[in-house]
Amino acid sequence: MLNAIKKCWSPGVTGSTLGQRRQVELGNQLGLFGALATFPYQLFYFFYDFDFYRSVFIVNLVFVSAYLSVLLLNYLSRYSTAKKLLLVNACIQIFVITWFISAGAGVHLFYFCLASVLVFLFNNLRLRTYISLMALFCALYVTAHFLFSPALAITPVPLPWVNIMYGVSVICVLSLLGGLLYLLRQQIDAAEDELTLNNHYFEALSNTDALTGLPNRRMLDEAFEREWERLTRQPGTLSVIMCDVDYFKQVNDHYGHDGGDRCLQRIATELESLASRTSDLVARYGGEEFAFVLPSTGEQVCKAARALGIPNPGASSGFITVSIGIASIDVPDGGNIDAKGSARLLKRADQALYQAKTNGRDQVVFLPYPHAYTSTGQ
């Protein structure tokens, strides 16, 4: 039901920005409400004594046409003109109709609605302009309230109809304020949800390697620091695997960069499948290098790379292989480690990788964390 009603104030919304969309919707809502709020008064004028209220009836038709023109202007993307027309039309209508039928009918109460929604209707409204408009609303209300008495009305409304009309005005004002604030609350909630989704998207984007879809170096460093900080509080083991594709330059030279990219994507998919535990993390370290935090074993990685069967004319086997460097630290009960020593473990894994490549590639080299940087009983 609400979605069907929302379509009534949708003209001009498509293609607009988020902030602009809220303003367009609010302008359309006020335009529709201005036209609808005039309808009960028009019924009274028409059926009670049309000849006597002919002038105010015709004047209201002009104002209603202006309200509906707001939706047309928004549809034509003339947003600024639509907002100005809405504001000017509402101010003049309230003042003129109060002049016709007197302040006793309560039409001038609608100035409170304009004052309440003004800040939402205009974006980046200057403080001086805002204060000036508030002062204008106040002046118009006070003038209408004290100057347009029933005795001076052009087409006064007799008792008890004037009191009934005042009650209708109060109901309309409260309904407008309550309805608009409810819709604004929904729009704000929707904007917050959209902002949250966008933040999650950009956060994931900043932590993900575009080519392979794996976590990038930034996310690896954060996870590594987090696990290292955990070791400073409680005993445990932390391992790092550095993985490098052997003779990857020859793959690029022979198959082109597109072929090299496809090779890295297939390897990334296979490596990701080896990170079976929630605490495991595999990331693209840079170029053709990958890194594991809390992995299984290096032999599994080498075996998985060979099993892919990706051709590599530069390798002696004729297929893609990887070299593995592993570094690990085991902190027993009562053991202490340097809170800033995580970089040493990563460097140790890199040294192990270099040694594996120096020794002929397609193999695993393990180097433990230097005991000089750990102590017990401290």
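The values are calculated or read from the model by the stated rules, or taken from the named source; none is laboratory data. Given the structure is predicted, the values throughout are model-derived calculations rather than measurements. Note: ideal-geometry Cβ built from the backbone for every residue, glycine included; neighbour counts use all protein chains shown.
Looking across Val70, Val117, Val62, one residue alone is surrounded by fewer than 18 Cβ atoms within 10 Å (Cβ to Cβ), among the β-branched types (Val, Ile, Thr) and in the same structural domain as Val173 (by TED's automatic domain parsing). It is Val62.
Residues considered: Tyr354, Tyr285. Of these, the only one that is modelled with pLDDT of 90 or more, of a type in the set (Ser, Thr, Tyr) and either part of a strand (DSSP E or B) or more than 21 Å from Tyr255 (Cα to Cα) (or both) is Tyr354. Would you check if there is a residue in region 88-96 being without any contact (Cβ under 8 Å) to a residue 24 or more places away in the chain and surrounded by fewer than 17 Cβ atoms within 10 Å (Cβ to Cβ)? There is at least one residue in region 88-96 that is without any contact (Cβ under 8 Å) to a residue 24 or more places away in the chain and surrounded by fewer than 17 Cβ atoms within 10 Å (Cβ to Cβ). Residues in region 242-253 that are surrounded by 15 or more Cβ atoms within 10 Å (Cβ to Cβ) and in a helix (DSSP H, G or I): Phe248, Val251, Asn252.
Put simply, of Leu195, Leu211 the only residue that is of a type in the set (A, V, I, L, M, F, W, C), in a loop (DSSP other than H, G, I, E, B) and either free of Cβ contacts under 8 Å to residues at least 12 places away in the same chain or under 18 Å from Arg284 (Cα atoms) (or both) is Leu211.
Filtering region 74-94 to residues that are among the small types (Gly, Ala, Ser) and either outside the structural domain of Pro11 (by TED's automatic domain parsing) or not in a helix (DSSP H, G or I) (or both) leaves only Ser77.
Residues checked against (1) of a type in the set (D, E, K, R); (2) closer than 21 Å to Leu346 by Cβ; (3) assigned by TED's automatic domain parsing to the domain that holds Thr358:
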site	(1), (2), (3)
Thr196	no, no, no
Glu225	yes, yes, yes
Leu231	no, yes, yes
Thr237	no, yes, yes
Met242	no, yes, yes
Gly259	no, no, yes
Ala268	no, yes, yes
Asp280	yes, yes, yes
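So is Gly256 exposed (fewer than 14 other Cβ atoms within 10 Å of the Cβ), on the phi > 0 side of the Ramachandran plot and at pLDDT 90 or above or not? Here the answer is yes, as Gly256 does meet what is asked.
Exactly one residue out of Ala204, Ala268, Ala210 is over 23 Å from Gly341 (Cα atoms) and in contact with a Ser or Thr (Cβ under 9 Å, 6 or more places away or on another chain): that is Ala268. From the list Ser149, Ser175, the lone residue that is of a type in the set (S, T, N, Q) and either crowded, with 17+ Cβ neighbours inside 10 Å or more than 47 Å from the chain's Cα centre (by Cα) (or both) is Ser149.
State yes or no: is Tyr141 at pLDDT 90 or above, closer than 30 Å to Ala82 by Cα and out of contact with any Phe, Trp or Tyr (no Cβ under 8 Å at 6 or more places or on another chain)? Here the answer is no, as Tyr141 does not meet what is asked. Residues that are touching a Gly at 6+ places or on another chain (Cβ under 6 Å) and closer than 22 Å to Phe366 by Cα occur in region 304-325; there is at least one. The numbered conditions (1) modelled with pLDDT of 75 or more; (2) in contact with a strand residue (DSSP E or B) (Cβ under 9 Å, 6 or more places away or on another chain) are all true for Ala304 except (1).
Okay, residues lined up against (1) in contact with a helix residue (DSSP H, G or I) (Cβ under 7 Å, 6 or more places away or on another chain); (2) more than 17 Å from Phe57 (Cα to Cα); (3) not in a helix (DSSP H, G or I):
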position: Tyr111; (1), (2), (3): yes, yes, no
position: Asn123; (1), (2), (3): yes, yes, yes
position: Arg128; (1), (2), (3): no, yes, no
position: Ala135; (1), (2), (3): no, yes, no
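Taking the criterion of being surrounded by 15 or more Cβ atoms within 10 Å (Cβ to Cβ) and among the basic types (Lys, Arg), the only residue of region 269-284 that qualifies is Arg284.
For Ala144, are the conditions met, namely being in a helix (DSSP H, G or I) and within 18 Å of Gln23 (Cβ to Cβ)? The answer is no for Ala144. If the condition is being assigned to a helix (DSSP H, G or I) and either surrounded by fewer than 20 Cβ atoms within 10 Å (Cβ to Cβ) or outside the structural domain of Val173 (by TED's automatic domain parsing) (or both), then region 45-55 contributes Phe46, Phe47, Tyr48, Asp49, Arg54, Ser55.
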